[in-house]
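Report on the structure given below.
The values are calculated or read from the model by the stated rules, or taken from the named source; none is laboratory data. Since this is a predicted model, take the numbers as computed values, not measurements. For the accessible areas, the whole protein counts, side chains as well, though only heavy atoms, and no ligand, DNA or RNA atoms are used. Shrake-Rupley method; radii C 1.70, N 1.55, O 1.52, S 1.80 Å.
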Amino acid sequence: MLAGFGLGAVAVQGLHAQAKPTVYYISEIDVTNPEAYAKEYVPLAQAGIKSSGGRFLAAGGKVTAVEGDAPKSRVVLQAWDSIESIQAWRNSPQYKEARKIGDKYAKFRAFAVEGVPQ
């Protein structure tokens, strides 16, 4: 029984070691028309992100500069399973259509960072 428990523990540890770390997608958004952005773009963008597997960790809210200047007006932090899933979402027709609307009301800067294995 102890041998079975030991083998199981080793197998679980091996699976954790093989798991890919989360990829974090960070957007800095300079919104020029907050009302239209919130009404026309945000619902489409959020639906596309969620249906593509993205998870919101932070959106908007108060940004506090710790060192240097804070981003312009809005920061969004998302978690994804892989950079490939981010690329698939950004290449989707749903994203491209939503982004046409978003570009009318904001300027975007975005990047992805691979997390540290846990």
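For the stretch 49-89, which whole percent of the accessible surface, found with a 1.4 angstrom probe, sits on carbon and sulfur atoms? Before the final figure, lay out each step's value.
Working: 1370 of 2640 Å².
On the stretch 49-89, the fraction of accessible area on carbon and sulfur atoms equals 52 percent.
Taking amide hydrogens as placed 1.01 Å from N in the peptide plane, the amide H of residue 106 sits under 5 Å from those of 32, each at least 5 positions away in sequence or on another chain. Residue by residue, the stretch 29-34 carries 3J(HN,Hα) couplings of 10, 9, 7, 9, 9, x Hz when phi is fed to the Karplus relation 6.51 cos²θ - 1.76 cosθ + 1.60 (θ = phi - 60°); x denotes Gly or Pro.
Taking a ≥ b ≥ c as the square roots of the eigenvalues of the Cα gyration tensor, the stretch 14-118 is oblate, since a/c reaches 1.5 or more and a/b is not larger than b/c.
Seen through its C-alpha gyration tensor, with square-root eigenvalues sorted a ≥ b ≥ c, the stretch 79-118 comes out oblate because a/c lies at 1.5 or above while a/b is not bigger than b/c.
Taking amide hydrogens as placed 1.01 Å from N in the peptide plane, the amide H of residue 82 sits under 5 Å from those of 23, each at least 5 positions away in sequence or on another chain.
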